[in-house]
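Enquirer: My questions will all concern the structure given below.
The values are calculated or read from the model by the stated rules, or taken from the named source; none is laboratory data. Everything numeric here is computed off the predicted structure, so don't read it as measured data. Don't worry about glycine lacking a Cβ; one is built from the backbone with ideal geometry, like all the others, and counts go over all protein chains shown.
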Amino acid sequence: MNKLEYVIDQENYILGKDKNGQTYYVKDVQNVVFPIVLEIDRVCRKNNIPYALSFGSALGIYNYGGFIPWDDDADIVFNYEDLDRLIEAFKKDLSPEYAFDCYEVDNRYNILQPTIKVKNRFGPTMVDANYKRLKDRIHSSDGFFVDMVALVPMKDAKSHRRLISRSRRRLVSYFVQDFFFNHDPLKLKAKMKADEKKYAEMYKGAKYVTQTPLLPFPSQKQNLLPKEVVYPFKEYMFNGHMLYSLNNIEAFLVQFFGKNSLKQFDGEKWIDPCPQKKRKPMHIKDFNFEK
């Protein structure tokens, strides 16, 4: 049995039914999301901007050579120092079929989301499972999207812990203003983004890197990565295309998801350790494939 064979056929992973009772599958979502990934790849290559499929997408590369069969999104990381160049590249070269949102372009953007969202402007639409607590004030598109997260250099565990703690303390005020009082916390967002930039500049050249500390949800053990695990980004096969991911995917996955996230060979066949009950899409609350 080949390591890259799916545990069961992809068609068996049901997304749900639309308003007309039509059943759709996770593969239908992946067929919409993957062209967005390819468009990001095209723009980044054209403008010499490094990027890497990461998180669940990196796990998909290692275990399946593509999407995790029940995964309904894609995740990409990039260097914080390339943020301005990436924004300009999207403004100049992103196909009209797509839109992108980020705080640097529109300060209404909810910064508790990934740094940039690249969205499908036409075709199927969706509602994010976190739409209530991660309000979309820009509302440029209801299309499916790909998250892009900035990687920020970090000096050491102490520095990282300090910034994560500050972000977590600010979450209460953020949610009270945004969720409960429907008030856009512009001043607080400005302070948090200023901190992100300050630390990125202060620790440039440090030996660690972390997902932007504005997203203080994964633990420090998961998120503080040695640079040699992340860089340089390397090409891997993903759904039949050569796309970029992290330098040492296995080391990243062991740190971020744990050793048991990796497929294991029992002497006869490859075993996926993910329990059957967890093999289901997690990010979509509602969808409409008719638009």
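Enquirer: Just to be sure before I move on: is ILE87 of a type in the set (Val, Ile, Thr), without any contact (Cβ under 8 Å) to a residue 40 or more places away in the chain and closer than 30 Å to MET192 by Cα in the structure I sent?
Expert: Working: of a type in the set (Val, Ile, Thr): yes; without any contact (Cβ under 8 Å) to a residue 40 or more places away in the chain: yes; closer than 30 Å to MET192 by Cα: yes.
Against the criterion (of a type in the set (Val, Ile, Thr), without any contact (Cβ under 8 Å) to a residue 40 or more places away in the chain and closer than 30 Å to MET192 by Cα), ILE87 qualifies.
Enquirer: Residues that are aliphatic (A, V, I, L, M), at pLDDT 95 or above and under 23 Å from MET282 (Cα atoms): which strands (runs of 3 or more DSSP E) entirely in region 100-216 hold 3 or more of them?
Expert: Values: elements: 116-120, 125-128, 145-154, 208-211.
The strands (runs of 3 or more DSSP E) meeting that bar are 145-154.
Enquirer: Follow-up question, since we're still on this one. Any chance you could count how many residues in region 106-126 are under 19 Å from the mean Cα position of the chain (by Cα) and surrounded by 15 or more Cβ atoms within 10 Å (Cβ to Cβ)? Write out each step before concluding.
Expert: Taking region 106-126 and keeping what is under 19 Å from the mean Cα position of the chain (by Cα), we get 109-121, 125-126.
With the extra rule that they be surrounded by 15 or more Cβ atoms within 10 Å (Cβ to Cβ), the set shrinks to 109-120, 125-126.
Residues in region 106-126 being under 19 Å from the mean Cα position of the chain (by Cα) and surrounded by 15 or more Cβ atoms within 10 Å (Cβ to Cβ): 14 in total.
Enquirer: Sort through ASP75, ASP84, ASP128 and tell me the only one that's in contact with a Leu (Cβ under 8 Å, 6 or more places away or on another chain), of a type in the set (D, E, K, R) and within 25 Å of LEU246 (Cα to Cα). Step through it out loud before you land on a result.
Expert: Values: ASP84 fails: in contact with a Leu (Cβ under 8 Å, 6 or more places away or on another chain); ASP128 fails: within 25 Å of LEU246 (Cα to Cα).
Of the residues listed, the single one that is in contact with a Leu (Cβ under 8 Å, 6 or more places away or on another chain), of a type in the set (D, E, K, R) and within 25 Å of LEU246 (Cα to Cα) is ASP75.
Enquirer: Kindly list, by first and then second residue, each pair from a residue in region 241-263 that is at negative phi to a residue that is modelled with pLDDT under 90 and part of a loop (DSSP other than H, G, I, E, B), limited to pairs with Cβ atoms under 7 Å and residues at least 6 apart or on different chains.
Expert: Final answer for the pair search is ASN260/PRO273; SER261/PRO273; LYS263/LYS3; LYS263/ASP272.
Enquirer: On to the next question. How about region 273-283: which of its residues are surrounded by 11 or more Cβ atoms within 10 Å (Cβ to Cβ) and more than 14 Å from GLY56 (Cβ to Cβ)? Explain how you work it out, then say what you get.
Expert: Just the residues of region 273-283 that are surrounded by 11 or more Cβ atoms within 10 Å (Cβ to Cβ), to begin with: 273-274, 279-283.
Across region 273-283, the qualifying residue is only PRO273.
Enquirer: Another question, then. In this structure, is ASN63 polar (S, T, N, Q), in a helix (DSSP H, G or I) and free of Cβ contacts under 8 Å to residues at least 24 places away in the same chain?
Expert: Working: polar (S, T, N, Q): yes; in a helix (DSSP H, G or I): yes; free of Cβ contacts under 8 Å to residues at least 24 places away in the same chain: no.
It is false that ASN63 is polar (S, T, N, Q), in a helix (DSSP H, G or I) and free of Cβ contacts under 8 Å to residues at least 24 places away in the same chain.
Enquirer: If I filter region 48-60 for residues that are free of Cβ contacts under 8 Å to residues at least 24 places away in the same chain, more than 26 Å from ASP136 (Cβ to Cβ) and in a loop (DSSP other than H, G, I, E, B), do I get at least one hit? Please lay out each step first, then the result.
Expert: The initial filter retains those residues of region 48-60 that are free of Cβ contacts under 8 Å to residues at least 24 places away in the same chain, namely 48, 56.
Now drop any that are not more than 26 Å from ASP136 (Cβ to Cβ), which leaves 48.
Now narrow it down to the ones that are in a loop (DSSP other than H, G, I, E, B): 48.
Among the residues of region 48-60, at least one is free of Cβ contacts under 8 Å to residues at least 24 places away in the same chain, more than 26 Å from ASP136 (Cβ to Cβ) and in a loop (DSSP other than H, G, I, E, B), which makes the answer yes.
Enquirer: How about region 233-247: which of its residues are of a type outside the set (A, V, I, L, M, F, W, C), in a strand (DSSP E or B) and loosely packed, with under 12 Cβ neighbours inside 10 Å?
Expert: Taking region 233-247 first, the residues of a type outside the set (A, V, I, L, M, F, W, C) are 234-236, 239-241, 244-245, 247.
Narrowing further to those that are in a strand (DSSP E or B): 234-236, 241, 244-245.
GLU235 - this is the single residue of region 233-247 that is of a type outside the set (A, V, I, L, M, F, W, C), in a strand (DSSP E or B) and loosely packed, with under 12 Cβ neighbours inside 10 Å.
Enquirer: Would you confirm whether or not region 226-236 contains a residue that is under 30 Å from VAL127 (Cα atoms), out of contact with any Asp or Glu (no Cβ under 6 Å at 6 or more places or on another chain) and touching a residue at least 12 places away in the same chain (Cβ under 8 Å)? Even if it seems obvious, please write down each step before you answer.
Expert: If we filter region 226-236 for residues that are under 30 Å from VAL127 (Cα atoms), which is where we start, we get none.
Checked region 226-236: no residue is under 30 Å from VAL127 (Cα atoms), out of contact with any Asp or Glu (no Cβ under 6 Å at 6 or more places or on another chain) and touching a residue at least 12 places away in the same chain (Cβ under 8 Å).
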